[in-house]
Amino acid sequence: MNISIVIPLYNEDESLPELTAWIDRVMWENKFSYELIFIDDGSTDDSWLVIERLKEKFQSVTAVKFRRNYGKSAALNVGFAMAQGDVVITMDADLQDSPDEIPKLYNRIKEEGFDLISGWKQKRHDPLSKTLPTKLFNSATRKMSGINNLHDFNCGLKAYRKEVVKNIEVYGEMHRYIPVIAKWAGFKKIGEQVVQHYPRKYGETKFGMSRFINGFLDLISIFFVGKFSKRPMHFFGTMGAVSFFAGFLITIWLLIQKLSAISSHITYRDVTDQPLFYLALVAIIVGFQLFLTGFVAELVSRSSTERNNYQIEKVI
Ligand code: UDP
Ligand code: MG
């Protein structure tokens with residue numbers, strides 16, 4: 001099979017028939033053998049019903065229904081596990097991404113040997129409240145990841161060599177940084193392709209400001225995961241321990257000075273009269289808290305409950 005198209009969706013019933021017919025036409029015209037994998041991320045509208053009907057008409061359709069809404073990353077993760085094509089394409093379900101781009105993306109993987117090609121919505125049809133934070137997000141991601149040739153990390157339209165999707169795990173809000181995750185997994189040939197972007201035709205966006213902030217926290221966490229291997233927060237724990245012991249040693253030193261002054265009958269300021277003591281106190285308290293933060297983070301990073309524990313309701 002040439003191509004697997006993975007489409008995560010949440011309440012997109014109006015777009016699906018048009019999208020499926022459009023994809024099928026492009027695949028047919030280019031003589032690609034393909035599968036179309038829909039992941040219904042717990043839609044509460046008629047999306048699943050629509051998909052069931054589409055499956056009767058298009059043999060290429062496969063679909064998974066989540067028991068509830070688990071997020072775009074979980075949906076992509078399932079799609080990646082199912083995909084059988086040599087090249088895996090991801091795209092959004094809302095007709096903002098154009099299936100006409102697929103042949104170009106396919107060729108860049110197949111003929112130019114890229115591991116991953118990320119779409120670039122150069123002319124974006126979204127409101128400023130979306131495009132502005134995205135600009136900031138993209139430049140921060142570029143700096144932190146060292147992937148300097150990408151302008152648009154979060155574009156839903158991307159193409160992957162099959163091995164890439166089989167060797168990465170996506171969870172939380174990480175669907176925004178798949179190129180970064182791929183790079184850390186050792187896939188270095190990452191490129192970009194300018195793609196068409198349309199305004200949303202039906203329904204409304206599912207990504208508001210709060211998801212944006214969550215995404216930013218995820219970026220920071222994967223930065224640490226990458227830098228500090230499997231123990232992201234050892235860094236904080238270590239800093240905490242250092243600060244705690246520095247404060248402790250300073251206090252001991254002040255006490256020794258006071259005690260030796262007493263024993264040699266010299267008048268000397270009380271420990272509590274010295275500014276250094278308060279600095280030491282702060283170092284001890286802050287250090288202890290940082291150390292606990294590191295410890296808790298360690299526990300969290302060791303439990304996998306944070307990750308993909310979605311439940312699948314149906315597969316067709
Ligand atoms: N989506 C999803 N689960 C969610 C939110 C969104 O599967 O919890 C899908 C959504 O249906 C669409 C894609 O992810 O196919 C991108 O979402 P959206 O178009 O709302 O994002 P935007 O284009 O506004 O960034
Ligand atoms: Mg959209």
Practice task
Identify, from the list LYS130, LYS121, LYS158, the residue that is within 15 Å of ligand 2 (Cβ to nearest atom), under 26 Å from GLY208 (Cα atoms) and touching a His at 6+ places or on another chain (Cβ under 7 Å).
Solution key: LYS121
Exercise for the section: Evaluate the following for ASN138: is it out of contact with any helix residue (DSSP H, G or I) (no Cβ under 7 Å at 6 or more places or on another chain), at negative phi and modelled with pLDDT of 95 or more? Expected result: no
Handout entry: Any chance THR205 is within 30 Å of ASP46 (Cβ to Cβ), in the same structural domain as LEU105 (by TED's automatic domain parsing) and among the β-branched types (Val, Ile, Thr)
Key = yes
Exercise for the section: Kindly indicate whether any position in the stretch 63-86 is more than 13 Å from ligand 1 (Cβ to nearest atom) and touching a Leu at 6+ places or on another chain (Cβ under 9 Å). Expected result: no
Completion exercise
Residue hits (the stretch 1-31; more than 17 Å from GLY79 (Cβ to Cβ) and of a type in the set (Val, Ile, Thr)) are VAL26
Exercise for the section: Would you point out the residue of the stretch 167-193, among those that are of a type in the set (Phe, Trp, Tyr) and within 8 Å of the chain's Cα centre (by Cα), that is surrounded by the fewest Cβ atoms within 10 Å (Cβ to Cβ)? Expected result: TYR171
Exercise for the section: Please determine, by comparing only the residues of the stretch 40-59 that are touching a strand residue (DSSP E or B) at 6+ places or on another chain (Cβ under 7 Å) and in contact (Cβ under 8 Å) with a residue 40 or more places away in the chain, which one is farthest from GLU313 (Cα to Cα). Expected result: LYS55
Handout entry: Boolean, PHE58 is on the phi < 0 side of the Ramachandran plot and within 16 Å of ligand 2 (Cβ to nearest atom)
Key = no
Exercise for the section: Could you look through the stretch 149-166, keep only residues that are within 16 Å of ligand 1 (Cβ to nearest atom) and either buried (at least 19 other Cβ atoms within 10 Å of the Cβ) or outside the structural domain of TYR177 (by TED's automatic domain parsing) (or both), and pick out the one that is modelled with the lowest pLDDT? Expected result: ASN154
Handout entry: Check on PHE291, under 9 Å from GLY240 (Cα atoms) and of a type outside the set (Asp, Glu)
Key = yes
Exercise for the section: Identify the residue in the stretch 1-43 that is of a type in the set (Phe, Trp, Tyr) and more than 23 Å from the chain's Cα centre (by Cα) and, among all such residues, is nearest to MET82 (Cα to Cα). Expected result: TYR34
Fill in the blank from the handout: Going through (1) in a helix (DSSP H, G or I); (2) farther than 19 Å from GLU35 by Cα one by one, LEU105 fails only at (2)
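The values are calculated or read from the model by the stated rules, or taken from the named source; none is laboratory data. Worth saying up front: this structure is predicted, and the values here are computed from it rather than measured. Don't worry about glycine lacking a Cβ; one is built from the backbone with ideal geometry, like all the others, and counts go over all protein chains shown.
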